[in-house]
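Trainee: I'd like to ask you about the structure that follows.
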Amino acid sequence: MSARSTPGCEAGSPPVAAFGRGGAFGRALSYEWVALRSLRTPWVLCGAAVAGQVLVDLAVGRDGTSGLRQFAGGMVGVTLVGFVLMAAFGVNALGGEYRHRTITRSVLTLGDRRWILLAKATLTCAVTASVGAVMVLVNALSVPMLGETSLPVTRAVALGGAAILYTVLCALVGLALAGVTRNSTLSIAVVTLWPVVLENLMVATTRFGRNLAPFGAAAAQAQAGDGSGPQWLPMLPLAVLTAVLLTAAGVLFSRRDV
């Protein structure tokens, strides 16, 4: 079978001979990894996220406040720039196949659809966690390491871990929405407007607490520069939302025509 390709867009998937070993999941993971390496858009999104973090750190500046507050201030790069771009990465992981109509070939090549979705989710987690870690490191390097405004390592690790988890969950939400809607544009619109419009509307018009808003509560943990450790419980609503959407995407992907 020849490698998939799409007119006027990126190169496609690997031939069957490129598959690795390790059972159905191993073959699916190898297939998706080789396909991912051949695409430009995902890596452009990753590079843009890191570049965006650098620009945020330059814009925030260092005003002599505590290193912890400086670090937390720079975290807006992860929770804003990283959120949008990594969510787009997740959408592209599956939505790109629907957009370029290569999903049918992937299904015919790999067979069991469960492994396809699981492989995409695994790679999405690995790549976005790596990008989030780089963004956190860039932010940390912009904060003084010594002196009165130095950054406490344990708190930086706690905040950084929350930020990395946030980017991963956002990417998985994007992946799941692409699986549910089969439309990249709609999925990106929903995942980016959700925290800006829907959550604020729910908080303003109902008794729905802001600490229960999935994206808002989770993002706040990466910017908790008040000296208190991140409370991981506010991450739970976003984790539950991610699990629900991934389950829905898995059910729909396995049952309906591609």
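The values are calculated or read from the model by the stated rules, or taken from the named source; none is laboratory data. For clarity, every value in this text was computed on a predicted model and none was experimentally measured. Glycine also receives a Cβ, built like all others from the backbone with ideal geometry; neighbour counts cover every protein chain displayed. The accessibility values were calculated without ligands, DNA or RNA, using every heavy atom of the protein model including side chains. Shrake-Rupley method; radii C 1.70, N 1.55, O 1.52, S 1.80 Å.
Trainee: For labels at residue 232 and residue 189 in the simple 7 Å Cα→Cβ model, what's the distance in nm?
Mentor: Distance between label points: 3.7 nm.
Trainee: Stokes-Einstein diffusion coefficient for the range 111-215 at 4 °C in a medium of 1.567 mPa s, Rh from the Kirkwood formula over Cα pairs: what value in µm²/s?
Mentor: Roughly 80 µm²/s, to the nearest whole number.
Trainee: Where does each of 181-187, 29-35, 89-95 land if you order them by average Cβ count within 10 Å, highest first? Don't skip to the end; give the middle numbers.
Mentor: Working: 181-187: 18.3, 29-35: 20.7, 89-95: 28.1.
Highest to lowest by the protection proxy: 89-95, 29-35, 181-187.
Trainee: How would you order 69-75, 202-208, 136-142 from highest to lowest mean count of nearby Cβ atoms within 10 Å?
Mentor: Working: 69-75: 23.7, 202-208: 11.0, 136-142: 19.6.
Those peptides, ordered most packed to least, come out 69-75, 136-142, 202-208.
Trainee: Would you calculate the volume per residue, in Å³, of the smallest convex hull containing every Cα atom of the range 21-103? Display every interim value, and only then the final one.
Mentor: Numbers: hull volume 9.3 nm³, N = 83.
Enclosed volume per residue, from the Cα hull, is 112 Å³.
Trainee: Still on this structure: So how exposed is residue 57, as accessible area in Å² (1.4 Å probe, rounded to 10)?
Mentor: Per-residue accessible area (residue 57): approximately 20 Å².
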